[in-house]
Structures are given as C-alpha cells and as structure tokens.
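Participant: What follows is a single structure, and I will ask about it in a moment.
None of the figures in this text is laboratory data; all of them are computed from the coordinates on show. If you're wondering where the values come from, they're calculated on a predicted model, not measured in any experiment. Cβ placement follows ideal geometry from the backbone for every residue including glycine, while neighbour counts extend to all protein chains displayed.
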Amino acid sequence: MKELEEYAMINKIPIMQKDGILYLCNYIKENNIKNILEIGSAIGYSSIMMANVNDNIMVTTIERDIDRYNIAIDNINKYNKDKQINIIYGDATEIDIIGKYDLIFIDAAKGKNTFFFNKFKDNLDDNGTIITDNLSFHGLVEDESLVKTKNQRGIVNKIKGYINFLDNNTEFTTTYVPVGDKIAISKRKVSNE
C-alpha cells in the first residue's frame, strides 16, 4: 500500500490520511462491517484498505473521474481485490444504488456531502453507519485565518453547512473523531417506542 500512498502524494491525489484510514479499518473490524458503499474512489486506496480488513467484506465504490477510475481498476486488480470491490464509473449525484449497506463512506466532493448523505441514507441498514471524511479541510474549518482563496472559502462554508446539517439532523446522531482530516460518524437515532 506504500506504493499507492507515494503515487497519491506525487500526483497530488487526495487519499485518506494514514491515521484516518487506520481508524476507519479498525471501526470496520470492531463493528463487523461486511457491506460498504463508498462515494469517491480516487485511485482505489481506501476501498482496498477496507477490503483488506476481512475477505468477506464487499465494497461498492463510485468514481466520476475517468483517469482515476481506470487507475483504481488497475490497483484493485493488482492487489487481487476484484472479487471484493465493485467500482462504478459515473457521477454519484446521478447514480441510483439498489441494496442496503452496513457502512456508507462519503469521501467525495466536499461541497456535496449533504446531498450524498440525503441521497444514500435510504441505502443504509437500520443499524448502519455513515462516515464522512475531510471535515477539517486541512485545518481551515477550525482556523479560517488560514483560508487563502475564494475557492477555499467556498469549501469551508460548505463543510460548515454540512456540520450544521449533521448537528441538527433529526434522524441521525453524529460524533466527530479528530483523526486524519477529521471524520464524522453518523448513526440512526433509536426510537423510544
């Protein structure tokens, strides 16, 4: 996996930070996750890492960039994970997924987190989890004095809007974990009926 990490760094392809992916994989192991939907494949790094947790894990992942999609396919095959990982080429905003998942992992366009959450929450098992990465945006969300461009300002505002959406969500309870670029763990609220 070191080869993929180096490739991503050299080519400026965003992948999960090391402590973030280790936390995610440990969460998958501890919670006996078997069926994962990932929004945003990039080069297949996180899909492969998640599939490596257990041979019974199945990952469906969506990637909209054709070059990254093709690299991800090569990497999935190289690491012999083609039986566990199904990669779909296309824009997740336009793709409908059938089936239920133990875990939905959102690691795509930061400005579309709320849209992806709402679009795919019905694909989540009742006891499932939605995990979202990149809620710190390299520290810019917590310290706006670091924001240098209008584009960064827009992304920071969208992430703050998503955090507000999670904090005020009536269906899900969210906890934040300060690993990697900060992740959110959202679980359905249990009714008291």
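Participant: Which distance in nm do the two modelled labels at Lys121 and Met9 give, with both placed 7 Å along the Cα-to-Cβ direction?
Facilitator: For Lys121 paired with Met9, the spin-label model returns 3.8 nm.
Participant: Report the calculated FRET efficiency for Asn32 and Asp82 (r = Cβ-Cβ distance, R0 = 25 Å), to the nearest 0.05.
Facilitator: Values: r = 23 Å, r/R0 = 0.93.
Efficiency, rounded to the nearest 0.05: 0.60.
Participant: Report the residue, chosen from Phe120, Phe172, Phe105, that carries the largest GNM mean-square fluctuation when the chain is represented by alpha-carbon nodes joined by springs under 10 Å.
Facilitator: Phe172
Participant: So which of Lys18/Lys100; Lys81/Lys121; Lys29/Lys158; Lys34/Lys158; Lys121/Lys158; Lys34/Lys100 end up more than 21 Å apart, counting from Cα to Cα? Don't skip to the end; give the middle numbers.
Facilitator: On the way: Lys18/Lys100 28 Å; Lys81/Lys121 26 Å; Lys29/Lys158 31 Å; Lys34/Lys158 31 Å; Lys121/Lys158 19 Å; Lys34/Lys100 11 Å.
Over 21 Å Cα-Cα: Lys18/Lys100; Lys81/Lys121; Lys29/Lys158; Lys34/Lys158.
Participant: To the nearest 0.05, how large is the calculated FRET efficiency for Lys100 and Lys18 if R₀ is 25 Å and r is the Cβ-Cβ distance?
Facilitator: Plugging the Cβ-Cβ distance into 1/(1 + (r/R0)^6) gives 0.25.
Participant: How much of the DSSP beta bridge set in the chain is antiparallel, as a percent to the nearest 5?
Facilitator: Details: 10 of 29 bridges.
Antiparallel bridges: around 35 percent, rounded to the nearest 5.
Participant: Listed here are the pairs Lys78/Lys110; Lys2/Lys150; Lys12/Lys182; Lys83/Lys189; which of them are more than 31 Å apart at the Cα?
Facilitator: Numbers: Lys78/Lys110 29 Å; Lys2/Lys150 34 Å; Lys12/Lys182 19 Å; Lys83/Lys189 34 Å.
Violating the 31 Å Cα-Cα cut-off are Lys2/Lys150; Lys83/Lys189.
Participant: With a 10 Å Cβ neighbour count serving as the proxy for reagent exposure, in which order, fewest first, do Asp74, Asp65, Asp96, Asp102 appear? It would help to have the intermediate numbers written out before the result.
Facilitator: Values: Asp74 12, Asp65 16, Asp96 7, Asp102 19.
Placing the least packed residue first, the sequence is Asp96, Asp74, Asp65, Asp102.
Participant: Something else: Report, in debye and to the nearest 20, how large the dipole of the chain comes out about its Cα centre when Lys and Arg carry +1 and Asp and Glu carry -1 on their Cβ. Intermediate results must be reported in sequence, preceding the final value.
Facilitator: On the way: 24 positive and 28 negative charges, 66 e Å.
Result for the chain is approximately 320 debye, rounded to the nearest 20.
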